[in-house]
Amino acid sequence: MIRRQFITLIGGAAAWPLAAGAQQAAMPVIGYLSSRSPDDTTHLLAGFRQGLADGGFIEHQNVTIEYRWALGQYDHLPVLATGLTRLPVVVVVSTGGEPAALAAKAATSTIPIVFGTGTDPVKAGLVASYNRPGGNATGINFQTADMEAKRLGLLHELMPQAKNIVFLYNPKFAAAEGQLHDVREAARTLGLRINALHASTDDEINAAFRTMVQQQTAALILAADPFFDTRRSQLVVLAAYNILPAIYQFREYATAGGLMSYGIDAVDAYRQIGIYAARILKGARPADLPVMQPTKYELVINLKTAKTLGLDVPDKLLARADEVIE
């Protein structure tokens, strides 16, 4: 009897590693695909993880996340997306705009996708409609690429005498043509002249700023683009060095020393992505989760930078700011 119990005990002990391995394998895996880089999205990842936690999932405890970063190079996304779909992922989360979402959608028609995109996901072919996405994808439209005209209006309000304004955009970004169209239409309405410059590499960014100096550019609108987000420090430093007032899409630019920003609360938007990912982990279908849209936009003004540039910010504009950095 004792010997039989001993053999049973040994057999159970031998099975422990297998049982542990089975538990680890059972932990759900999220595939995280981003057009951006881990360095410039630390705060956004915190929002995403908070959304997961709100839904009952904590990384390394009861969910695993496999990260893939394109570092602003959109042509890397298809390979990264395909690689993720070959893993046992339960859901693919795509962030960093339309390029990552389209790459994820092209890589799989069966694995659920939660996207964050700055353009209309219906026009992009990601979903059938906002209320009834259909298919395997849903998420949130940040509407960042649709706010270029609004940013031009704010810049004009701050600098009404500025006529020679540059719009810097990335021609490799899917929404670039629409962004350029919107800015030119808004400029025509305001009686302004827009000079469009493009950049899709570090060298081209540097060259664009040299052109701005040569043309005595009065102010800059930086297009909403994940590629530029990965070069945030470079862009803010160049604008400061060349004494060039600029408006950007996210508050991170203003807190880094940029003059102004206008856009959504990106951290909260990423939290919403995390919440949707958690719901799918619990069994929800993307087709049943309506595409979300932001309800709050933030105007951030760096008053310290304005003073350095010799600009007086109108009291009405300051009163409308959600945050003033002094």
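The values are calculated or read from the model by the stated rules, or taken from the named source; none is laboratory data. For clarity, every value in this text was computed on a predicted model and none was experimentally measured. All Cβ positions, even for glycine, are placed from backbone atoms using ideal geometry, and neighbour counts span all protein chains on display. Protein only, heavy atoms only, side chains kept; ligands, DNA and RNA dropped before computing areas. Shrake-Rupley method; radii C 1.70, N 1.55, O 1.52, S 1.80 Å.
Working only within region 242-252, note down all residues that are within 17 Å of the chain's Cα centre (by Cα) and open to solvent by 40 Å² or more (accessible area, probe 1.4 Å).
Residue satisfying the conditions is Arg251 alone.
Just name the residue that is farthest from Ala287 (Cα to Cα) out of those in region 88-109 that are in a loop (DSSP other than H, G, I, E, B) and open to solvent by 60 Å² or more (accessible area, probe 1.4 Å).
Initial filter on region 88-109 (in a loop (DSSP other than H, G, I, E, B)): 88-90, 96-97, 108-109.
From the residues that got through so far, the ones that are open to solvent by 60 Å² or more (accessible area, probe 1.4 Å) too are 88, 109.
On the way: Pro88: 21, Ser109: 12 Å.
My answer is Pro88.
Which numbered condition in (1) touching a strand residue (DSSP E or B) at 6+ places or on another chain (Cβ under 8 Å); (2) open to solvent by less than 40 Å² (accessible area, probe 1.4 Å) is the only one that Thr255 fails?
(2)
Just give me the residues in region 292-313 being open to solvent by 40 Å² or more (accessible area, probe 1.4 Å) and assigned to a strand (DSSP E or B), in sequence order.
Tyr297
Within region 85-94, which residues are farther than 19 Å from Asn62 by Cα and touching a helix residue (DSSP H, G or I) at 6+ places or on another chain (Cβ under 7 Å)?
If the condition is that a residue be farther than 19 Å from Asn62 by Cα and touching a helix residue (DSSP H, G or I) at 6+ places or on another chain (Cβ under 7 Å), then Thr85, Ser94 are the ones that fit.
In the set Leu44, Leu84, which member is within 12 Å of Ala104 (Cβ to Cβ) and either of a type outside the set (A, V, I, L, M, F, W, C) or buried (at least 20 other Cβ atoms within 10 Å of the Cβ) (or both)?
Result: Leu84 is the single residue among Leu44, Leu84 that is within 12 Å of Ala104 (Cβ to Cβ) and either of a type outside the set (A, V, I, L, M, F, W, C) or buried (at least 20 other Cβ atoms within 10 Å of the Cβ) (or both).
Scan region 217-241 for residues that are over 18 Å from the mean Cα position of the chain (by Cα) and either modelled with pLDDT under 95 or over 15 Å from Leu168 (Cα atoms) (or both) and report the count.
The total comes to 3.
Residues checked against (1) touching a residue at least 24 places away in the same chain (Cβ under 8 Å); (2) under 15 Å from the mean Cα position of the chain (by Cα); (3) open to solvent by less than 30 Å² (accessible area, probe 1.4 Å):
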{"residue": "Gly118", "(1), (2), (3)": "yes, yes, yes"}
{"residue": "Lys123", "(1), (2), (3)": "no, no, no"}
{"residue": "Pro133", "(1), (2), (3)": "yes, no, yes"}
{"residue": "Asn141", "(1), (2), (3)": "yes, yes, yes"}
{"residue": "Val166", "(1), (2), (3)": "yes, no, yes"}
{"residue": "Lys172", "(1), (2), (3)": "yes, no, no"}
{"residue": "Ala186", "(1), (2), (3)": "yes, no, yes"}
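Go through (1) within 26 Å of Gly178 (Cα to Cα); (2) in a strand (DSSP E or B); (3) polar (S, T, N, Q) one by one and return the number of the condition Ser37 breaks.
Result: Ser37 passes all but (2).
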